[in-house]
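Below: the structure, in C-alpha cells.
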Amino acid sequence: MILVMVRRLGEMVFVLVSISVLVFLIFFATPGADPAARLAGRGATPATLAAVRHSFGLDKPLPVQYVLMMKHLFVTQDLTSFVNPGEKVVPAVLQAVPVTLSLVFGAAIIWVIAALVVGVLAAWARDTVLDRLLMLFSLIGVSMPVFWLAEVANLITQARYHDTWLFSWVPALGYVPLSVSVVGWFKSLVIPWTVLAVTYIGLYGRVLRSNLVEAMNEDYIRTARAKGLSERQIILRHALRMSLITLVSMFGLDFGLLAGGGALLIEVVSGLPGVGELTYQALQNLDLPFIMAAVLYGAVFIVVANTVVDMLYAVIDPRAR
Amino acid sequence: MSLTSEDGARVAAEPASGPWRAALRKLVQNRTAMAAALVLVLVVLACIAAPLYAKYVAHTDPFGSNLDGQITIGGKSVPVMQPSPTGLGMTPIGPTWRAQYFLGADNQGRDVAARMLYGGRNSLLIATGSTLICLALAGLVGVVAGFSGGIVDTVLARALDVLWAFPVYMLAISLSVVLISHGLKLGPFTLQADSLLIPVIIIGVVYVPYVARPIRGQVISLARSDFVLASRCLGVARRRILLRDIVPNVTTTLIVFAPLMMALNMLTEAALSFLSIGVQPPAASWGTIILDGEGLLYTRPMVALAPGIAIMITVVMLNFLGDGVREAFDPRAKLRVKSDR
Amino acid sequence: MSDAPPLLQVRNLTKHFNVGSRFASGGRQVVQALDDVSFDVFAGETLGLVGESGCGKSTLGRCLLRLYDADGGRILFNGHDITAMTERALRPLRADMQMVFQDPYASLNPRRRIGDLLAEALIAHGQTDAAANRARLAELMGLVGLAPDHLDRFPHEFSGGQRQRIGIARALALNPKLIVADEPVSALDVSIQAQVVNLLADLQERLALTYVFIAHDLSVVRHIADRVAVMYLGTIVEIGATDDVLHEPAHPYTAALISAVPEPDPLAQTARTILQGEPPSPANPPSGCRFHTRCPIAQPRCAGERPNLSADAAGRTVACHFPLTAGGRLP
Amino acid sequence: MTDRIKTWLLPGILAAGLLPGFARAATPDASFAQHKGGTLKLVAASAAGTIDPQVNYTNQYWQTFINVYDGLVTFRKTSGKASNEIVPDLATAVPAPTDNGLTYVFTLRKGIKFSNGKPVTVADVVASFERIFKVNNPNAGSWYKFIVGGDACMAKPAACTLPKGVIADAASNTITFHLVSPDPEFLDQLAVPFAVILPADTPAKDMGTVPVPGTGPYMITSYNPQKALILKRNPYFKQWSAEAQPNGYVDEIDFDFGVTDENAVTAIENGQYDWEFDPLPADRLGEVSTRFPNQVHIDPLLADYYAPMNVNIPPFNNKDARLAVNYALDRQALVNIFGGRNLATPACQILPPDFPGYKPYCPYTLHPGTTWSAPNMAKAQALMKKSGEIGQKVTVITDDQGVDPALGTYMASLLNKLGFVATTHVLSANIQFNYIQNTKNKVQISVSQWYQDYPAASDFLNVLLTCGAIHPGSDSSINISGYCSKTFDQHVDAVLKTEISDPAKANQEWAAVDREATDAAPWATMFTPKQLDFVSKRVGDFVFSDQFHMLFSKIWVK
C-alpha cells in the first residue's frame, strides 16, 4: 500500500511539474508580458530596463529562471510578485484559501441537501408532473452561465429589490471573515452560495433521479418490494445507498475543482477575494509567480480529488476491483 | 421483451435495419427531443436571418456605433443615447418593444436585438465548431491511445492527465492571452488573432480530456471484447479491426457526447467572452453581449439579461436533445432493456 | 484416436495476468492462470476441457489460438511452433484454427451485418471476389441451418441460438482444421443447447473437424468429447478417454465434479462428494497439490509435494498422489 | 498609459473646473481640533505595486506618498492655481539657481524627524539621491542623470555615488547640487515623490511591501496588496509648514483593495467607503450626479486620450489614411462615451488646454480653426480614396478598463465606416500599455492616454514623439506611433535650449512644434478628460490639488 501511495504521489508530481513548465512557457511566449517593463515603470530607458531585468534575475536562461522560481515557491517559499514587488505569493494564496473554502463548503452543503431532496422526490414521483417540473428546473439550473446568474443575483439583491424587506439585509459585495463576524460572514456568502449551488443542484438532482430509477429496476429492489416494503423505504434504504456511490465520486471531483479555484467567475462577480479571484487578478496582470502558484494550487486540488475519488471508489464499490 | 423464444422462430419480421437507423428512429419518436430539436432549429434559423432582421425590421447596422442617432417613437424623435440632465453620463435607450431597438441599445447605441441574432450565430458556430474539434481530437487521441497501448498510450494518457488537472479557465485564459495577442502560426497554417477559430480551438482543446478519457477506456475494453478477439482470430489486420470494429462503436459514444459537449461549450464560450478573451468586438456573441450589459447592469439590465436567457434556452434544449440522443444511441440503454428481461 | 502425430501439441504452457486495482485490498496481484499445462489433441477428435469458472480453461483456449501470448512453454500446431510467431507469419495458419465464443451477444459486432461479419474472414485471407464470397456465405448459412437472406440482417435481430450458429459459421468460413469452442452453449437456454451441440457434432462429422470443447461441467462434454481434460487452478489434474474419466474418475476433484452433475437416473446415484468452500485464489495458490485444501482425502504429503500429471499403474493420466481406484471410491 | 500609471499635473493656470450645481465644500475655518480624528476609508480595484516611493510610478500611490514623505521642495498643498507652485518643504527656501543654472544650494530645516525617531540630516539627502539610481528608478535615466555623476550611476547603479553632484555640508546644514547642463525643469523633478528624502540606512533595493520611514504626518503601518494599505499618524510629526506639509485631520487612512469600480460606487453611496481611486463607470455618472450632487467634484486634468497610429506599418504609414481618421473622428461621440460634455472636451492637438505652449489648434474638423465642431466625413472619405488603403485590415488594441473598450469599439466602427476592415482586441489593462509599445507586436492603432508628469510641453512633445523615445523590440518604447522625424527632433531640441534662457519665448515655439506634430498626424487625439471625484456624505473639506489631486490630509470625516 505504501508503494501504491508513493507511485501515486510520483504521478501527481509529474502532472504538477508538467503544468508548471507549461505555464512558464506560455508566459514567456506571451507578448506584452515582459515583467521587467512593468517592474521598471512607465518610460524606463533601455539601461534601466536592463538593470531591472538583472536585479530580478530575468536575464538568466529560462531553465535557470524556472528552477529558481520553483525553489522560491516550494523550498524557501519567498517567491514574490512581478507586479507588486515584495508581495509574497505563498501567504497571499493561503490568505485566499479560507474565502474559497467558505464559499465552496457552504455551497456544497446547500447543493447536496437540495439535490438529495430533488432527486429522491423526482424518483419517488417519477413520470408525474412533479417529476417533470423538478427535472425541468434542474435542467434550467444546469443551463445558466453561473457568472450571469451571479450578476442577476447582484442586480436583484443589490439594486432592484435591495430596498424591499426581502433583500434589505443583503450586505455590500465582499467578504467578511468568520473571525470578524459570524453573522456577517454568513450574510456575505449566502447569495454566492445559492448561486453556485444552483448548477450543482440541477446536475446532482438529475443524476440521482436517473440512478434511483435505474436502481429500482434491479432485482434486489424487486425482492425488497416483494417483501412488502413501502416505496419510501425502498428508495431511502436501498436504492439511495447504491446511487450515492456515483454521487460521492462526482462530489469529490467537483469539490476539488471548485476549491482549486474553479469558482473563479463567481468569486469575481460576487467580489469574494478567494483563490479564484486571486487567479483572475494574476492572469489579468500576467503576474507569473501568482499564476504559477494559483494554477499549481488548483491542480493539486484536482489531482488530489481524483486520487481520493479513485481510492474511495475502490473501497466503496466492490465492482470497481 | 423476450429474446428467449424457441430457436429459429424469432427472426425479425421487419426489413433489415441497422443499429444506426434503429437509434435514429428511436430518437425521432422521442417527443421531448424532437421538440427541443425544433426549438434549436428555430434559434438557428433566427440567427441565420440576422441580416434580414437588421436590414428590414430594425433598420440598423448592429456593428456600427450609433452614438448620435435618433429614432421615432410614437411620432416623437428620441435620441438613442440619452444624456443625463447634469451632462454627466449617457444612458442608452431601453427596450422599446418595437421593431427598432426592440430590446434597447447598448453603450455604443447599437440595437441589442439585432446584435443578439448576430451574436447567436457566433455562439452557435463556436459551440458547434469547438464540439467538432473536441470530439475529433478526443476520438483520435482516445482511439490511438487505447488501441496502441504501450508507450504511445502512456504518453497520451499522461498528456491527458496533465490537461485534465490544468484548471479549465486558467488553461483557456493562458492560451487565449497568447493566441489573441499574436494569432497562431503552425507551419503553413496561420490563424489571424481575430479569427473565430481561436475560441473554437481553445474551447475544443480544453475539454479533450473529458471525452478522450472515457473513449480510451472504451477502446481498451473494446479491444478486449469477444468480437475483436473473433476478428483477430480470423486474421483480420489491425487497421481493419480498428476501422470496422472499434471506430464505429466509438462513434456512437461521440454522438452521445455531441449535444452535451455543445451545451457545455456554449457555456464556456460565454464565460470566456465574459473575460473578454472570446469573440473580439465589434463582432458579438451572447457572451460578449453579457459583458457589454455588465457595464449597464444597473441602468439597462436588459442588455445582459437577454443574451443570458438566450444561452439558457439553447442549452436547455441541447440538454433535452442530448438526453434523447443518449437514450437512442447509448448501448447502456440497451443493457437496461436486457436486464428488464 | 490415431497414431498420426497430434494436430496440436501443448507443452508446459504458462500464462499469468496482472490483475486487481492498485487500491483494492491486497493491491495489484499476479495471477497464475496457466501453470505448466501439457497435452495433445489429435486430428478428428474432440477434447473436452472441463473445470470450474476461473480455472484457466478459457485462458488456455485463447492461448491455443494466440489470442493471448503465453509466458512460457510451447504450442505446436500441425508441426509449426506458433508460440512466438509474428502476427504476420501466423496469419496463414489462422485459417486452420478458429474459435467459437461463449457469449453470442458479445462476439458479434452489433454495428455490422451478418454478411459483412462472415465475409471478414474471407477478405482477411485474400478472397475478395464478391460473387464467390456471396456464394460461400450462402453455403455457410446453409451449413449452420440459417437462411441465406439473413446475411443482410444485423446481430440484434437474431436470437441467442441463431447468433451462436452465426458464430459457428464464421469459424467455419475458412475451412479450419481445429475449432476451439469456448463454452459455446453455456449462455444459451437449455432447450437450445442440445441443438447447437448436435450441430457441432454434425459438422465435425461432415467436415472432419477437430474440437477443443471447453465447458464448465461434464454433462455437455459427455455427449461430444472423445477425451476429457479436467482443470483445476491453472493445471490439468486428469486427462483421459471420456468414458474412463466420467465413470471411473481417478482424481478426487474429477469425482467431485461428476457428483455435482444431477444424475437423471436416481438409481445410479453414487455417494456424492461435496466440495467444501470456494476455490482458492489463483493469485495465491496453495502449496503442493493445489487441490489439497478442498480434497476429502488429502494427506500431509499433499500439502508439501506437488503431484505430476503422469500415467499411473492403471493406465490413467492423473496428477494425484493418491488416485482413486476404480468405481470412484477411496483406495 | 493606463489609469494606474503615473502622470500628472501642472503648476499654473487652471481655471477651476467647477460646474454650476456641484458645490465644492467650502473651505472651513473651523478649528483643527473640532474635526480631528476618525478613519478615512479609501478604496481601489487593486493595489498599485511597490510602496517604495523612489520606485513606484503610479497616480494611486503618489497621491498617498505625499502624505508620508517630503522632498526638499514640493507643490503647495492647496487647491487651484496655487497648487502648481513650488514651495520649500524639507528645505528652508526654494533657491534660485546660480552658476548659469548649474548649481542649486538648499538649506535643510532643523528638528525634523523620520517616523522612526531619527532626525533628518544632510547625509540622508545625499543617500536618497544616490538611492534613486541604486533602485533603478524608472526616470533616473531621463531626469536625474543630469546631476553630475549621474551618467556613471546609470552605468553602474549598485555602486552609485554622487560626490560631485550632491554635496552635503553638515556644518552649514546645506546641500549643493551641480548639474551637467542647465535644466529648467529641475525643481519640478525634485518636487515629485521620486526625490523624497529617506533615512540614509534604507536598503538600496526596491523595498516592495516593506514601508520606509518618512517625514510626513502619516506613516505606512501595513501593506498587503491583496487587502489594504494602512496609514497611521507619524508620532514624530510636527507641522513645520502648512503649505508644504499640513498636519492631517484623520487619525488613520485605510486604502482597501479588491473592490471593483461598480461596487465601490454603491459602497460610497451607502457610506461604507469615502472615496474610490478608480474612475466611476460611465453608466453610473447620471445616477450619482443627480442623486448626490454635493458629493461630486469635477476638476480639470492635463491629459490626452488619443489613438496612436503606427506610422511605420500599413495602413497608417500612409499619411492620408491617418488624416482620414482624424477628419472622420466624431470627438463629441467619444466625449459622450467617456461621460458626457461636462467630463471631457474634444481635442485635435497634442498639448492639452492650459498647458505651457498650448495654443488652440484644430485642423481636423468641419471648419478648421481653433476648436473642434464636427467631423468632416466628406473630406475623410476623399482622403481614404486617395490613400488607396480601402479594404485594409486594421486591429484596434484597447485595454479592458473603464470606458476604453467602448472607445476601442467606436474606433473600429469608425474605421469600418471609412472602408477599413476593422476589429478590436481587448487586452488586460496591465498588458495593453506595454503591448502597444513593443514594435514586435505590430500594433496598427490603439487607444491610450497620457497624463503629464509636471507642467512642461516637453513632457508631451519631447517624451512621446521624438526618435529617442523609440526602442524597437522593447516593451518600454513610449513613442507608440513610432513617429520619427529629423526636422521635428531638431525643432524640439532648439526649443529646449530656448526654454533655459527664455521660458516665455519657448512657449511660443512649443506652440509651433505642437502644430507641426498635430499636422503630421501620428495620433488621432480624442479629448481632454476631467477628473470626477465622488466622496461619501461625511467627507468635509475636499481640496483638489492640480498636482496631487484630492489631498488626503486635508479631509476630515468628523
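The values are calculated or read from the model by the stated rules, or taken from the named source; none is laboratory data. For clarity, every value in this text was computed on a predicted model and none was experimentally measured. Reconstructed Cβ throughout: ideal geometry from the backbone, glycine too, with neighbour counts over all protein chains shown. The area values use the complete protein model at the heavy-atom level, side chains included, leaving out ligands, DNA and RNA. Shrake-Rupley method; radii C 1.70, N 1.55, O 1.52, S 1.80 Å.
Nearest 100 Å² is fine: how much accessible area is buried between B and D, summed over both sides, with a 1.4 Å probe? It would help to have the intermediate numbers written out before the result.
Values: alone 18700 and 20600 Å², together 36680 Å².
The buried area between B and D, both sides summed, comes to about 2600 Å².
In what sequence, largest accessible area first, do B:F320, D:F433 appear using a 1.4 Å probe? All intermediate terms of the calculation are to be shown ahead of the outcome.
Values: B:F320 50, D:F433 10 Å².
Largest accessible area first, the list is B:F320, D:F433.
Express as a percent, rounded to the nearest 5, the fraction of DSSP beta bridges in chain D (both residues included) that run antiparallel. It would help to have the intermediate numbers written out before the result.
Values: 49 of 67 bridges.
So the antiparallel bridges amount to about 75 percent of the total.
Can you sort D:E85, A:E277 by 1.4 Å-probe accessible area, starting with the largest?
Numbers: D:E85 90, A:E277 25 Å².
Greatest to least solvent exposure: D:E85, A:E277.
Compute, for D:Y223, the solvent-accessible surface of its heavy atoms (probe 1.4 Å) with the complete set of protein chains present, and express it in square angstrom to the nearest 10.
Surface open to solvent at D:Y223 totals about 20 Å².
Which aspartates and glutamates have a Cα less than 13 Å from the Cα of D:K118, not counting those fewer than 8 places away in the same chain?
D:D201
In terms of Cα to Cα distance under 30 Å, which lysines are near enough to D:K505, apart from those fewer than 8 places away along the same chain?
Once the sequence-local lysines are set aside, what remains near D:K505 is D:K6, D:K77, D:K81, D:K145, D:K359, D:K486, D:K497, D:K530.
So how much accessible area does C:C289 have, in Å² to the nearest 10, using a 1.4 Å probe?
Here the residue's solvent-accessible area equals roughly 20 Å².
Which value, in debye to the nearest 20, describes the size of the charge dipole of the stretch D:303-531 about its Cα centre when Lys and Arg Cβ atoms bear +1, Asp and Glu Cβ atoms bear -1, and nothing else is charged? Write down the numbers at each step before the final one.
Working: 17 positive and 19 negative charges, 163 e Å.
So the magnitude is around 780 debye.
Positive end of the dipole of chain D, charges at C-beta (+1 Lys, Arg; -1 Asp, Glu), about the Cα centre: which of D:N318, D:F355, D:N263 has its Cα farthest in that direction?
D:N263
Apply the a/c threshold of 1.5 to the C-alpha gyration tensor of the stretch D:47-228 and tell me whether it is rounded, prolate or oblate. Write down the numbers at each step before the final one.
Details: a/c = 1.44, a/b = 1.26, b/c = 1.14.
Rounded shape, in that the Cα axes give a/c under 1.5.
How do B:H59, A:H162 rank by accessible surface area computed with a 1.4 Å probe, from largest to smallest?
Working: B:H59 120, A:H162 40 Å².
Output order, biggest surface exposure first: B:H59, A:H162.
Kindly identify residues of the stretch D:221-244 having a loss of at least 10 Å² in accessible area between the isolated chain and the assembly of all protein chains, probe radius 1.4 Å.
Buried by 10 Å² or more upon assembly, which counts only protein chains, are D:N224, D:P225, D:Q226, D:K227.
If you take each beta carbon of peptide D:334-344 and count the beta carbons of other chains within 10 angstrom, what is the mean?
On the way: counts 2, 2, 8, 7, 2, 5, 8, 4, 6, 4, 0.
Mean number of neighbouring Cβ atoms from other chains: 4.
Under a cut-off of 16 Å between alpha-carbon atoms, report the lysines in cross-link reach of C:K15, not counting same-chain residues fewer than 8 places apart.
Correct list for C:K15: C:K57.
Probe radius 1.4 Å, ligands and nucleic acids ignored: give me the carbon and sulfur share of the accessible area of the protein assembly as shown as a rounded percent.
Values: 35270 of 59140 Å².
C and S atoms contribute 60 percent here.
Would you work out the charge dipole size for the stretch D:47-228 about its Cα centre, treating the Cβ of every Lys and Arg as +1 and the Cβ of every Asp and Glu as -1, and quote it to the nearest 20 debye?
Working: 14 positive and 14 negative charges, 82 e Å.
Dipole of the stretch D:47-228, to the nearest 20 debye: 400 debye.
Excluding ligands, DNA and RNA, what is the solvent-accessible area per residue of the protein assembly as shown at a probe of 1.4 Å, expressed in Å²? Write out the running numbers ahead of the final one.
On the way: 59140 Å² over 1551 residues.
Averaged over the residues of the protein assembly as shown, the accessible area is 38 Å².
Quick check for me: using +1 on Lys/Arg Cβ and -1 on Asp/Glu Cβ, what's the dipole size of chain C about its Cα centre, in debye to the nearest 20?
Working: 31 positive and 35 negative charges, 176 e Å.
Rounded to the nearest 20 debye, it is 840 debye.
If you check each cysteine of chain C for another cysteine whose beta-carbon is under 4.7 Å away, which ones come up empty?
When partners are defined as cysteine Cβ atoms under 4.7 Å apart, chain C leaves C:C55, C:C63, C:C295, C:C320 without one.
Would you tell me the mean number of C-beta atoms belonging to other protein chains that fall within 10 Å of each C-beta in D:44-53, as a whole number? If you can, show how the numbers build up before the last one.
On the way: counts 0, 1, 5, 5, 2, 11, 8, 3, 2, 0.
Across the residues of D:44-53, the mean count of other-chain Cβ atoms within 10 Å is 4.
Only helical DSSP H runs with n ≥ 4 go in: add -39500 (n - 2.57) per run for the protein assembly as shown, normalise by residue count and round the 222 nm mean residue ellipticity to 500 deg cm²/dmol. Write out the running numbers ahead of the final one.
Details: 51 runs with 678 residues, N = 1551.
Value at 222 nm, helices only: -14000 deg cm²/dmol.
What is the spin-label model distance, in nm, from A:L62 to C:E305 if the labels are put 7 Å beyond Cα along the C-beta direction?
7.1
Positive end of the charge dipole of chain C (Lys, Arg +1 and Asp, Glu -1 on Cβ, about the Cα centre): tell me which of C:F42, C:I258, C:A135 has its Cα farthest that way.
My answer, from the dipole projection, is C:A135.
For the interface of chains C and B, what total accessible area is buried with a 1.4 Å probe, rounded to the nearest 100 Å²?
Working: alone 15670 and 18700 Å², together 31040 Å².
Looking at C and B, the buried total is near 3300 Å².
What total accessible surface area, summed over both chains, is buried at the interface between chains B and A, computed with a 1.4 Å probe and given in Å² to the nearest 100? Don't jump to the answer; show the numbers that get you there.
On the way: alone 18700 and 17520 Å², together 32380 Å².
That pair of chains buries around 3800 Å² in total.
Per-residue mean of other chain beta-carbon atoms within 10 angstrom of the beta-carbon, peptide A:9-20?
Values: counts 0, 0, 2, 2, 0, 3, 7, 2, 1, 7, 8, 0.
Per-residue shielding by partner chains comes out at 3.
Have a look at the DSSP beta bridges in the stretch D:303-531 and tell me what percent are antiparallel, nearest 5. Let's see the in-between values first.
Values: 13 of 22 bridges.
In the stretch D:303-531, approximately 60 percent of DSSP beta bridges are antiparallel ones.
Projecting each Cα onto the charge dipole of the stretch B:187-249 (Lys/Arg +1, Asp/Glu -1 at the beta carbon, about the Cα centre), which of B:I246, B:S231, B:Y210 comes out farthest on the positive side?
B:S231
Enumerate the amide H contacts of D:T221 below 5 Å, restricted to partners 5 or more residues apart or on another chain; note that Pro and chain-start residues carry no placed amide H.
D:I230, D:L231, D:K232
Counting only protein heavy atoms, probe 1.4 Å: which residues of the stretch A:83-101 lose 10 Å² or more of accessible surface in the full assembly compared with their chain by itself?
Listed in order, they are A:V83, A:N84, A:P85, A:G86, A:E87, A:Q95.
For a protection proxy built on the mean count of beta-carbon atoms within 10 angstrom, sort D:176-184, C:202-210 highest first, please.
Numbers: D:176-184: 17.3, C:202-210: 15.4.
The peptides rank, most packed first, as D:176-184, C:202-210.
DSSP H helices in chain C with Cα extent of 20 Å or more along the helix axis and mean Kyte-Doolittle hydropathy at least -1.0?
Numbers: long enough: C:190-207 (26 Å, 0.53).
Counting only whole DSSP H runs, the qualifying helices are C:190-207.
Pick from C:G161, C:G126, C:G240: which is most flexible by mean-square fluctuation in a GNM of chain C where alpha carbon atoms under 10 Å apart are linked?
Top of the fluctuation ranking is C:G126.
Kyte-Doolittle mean at least 0.0 and Cα extent at least 24 Å along the axis: which DSSP H helices of chain A qualify?
Those that pass (Cα extent of 24 Å or more, hydropathy at least 0.0) are A:2-29, A:89-124, A:182-215, A:240-257, A:288-316.
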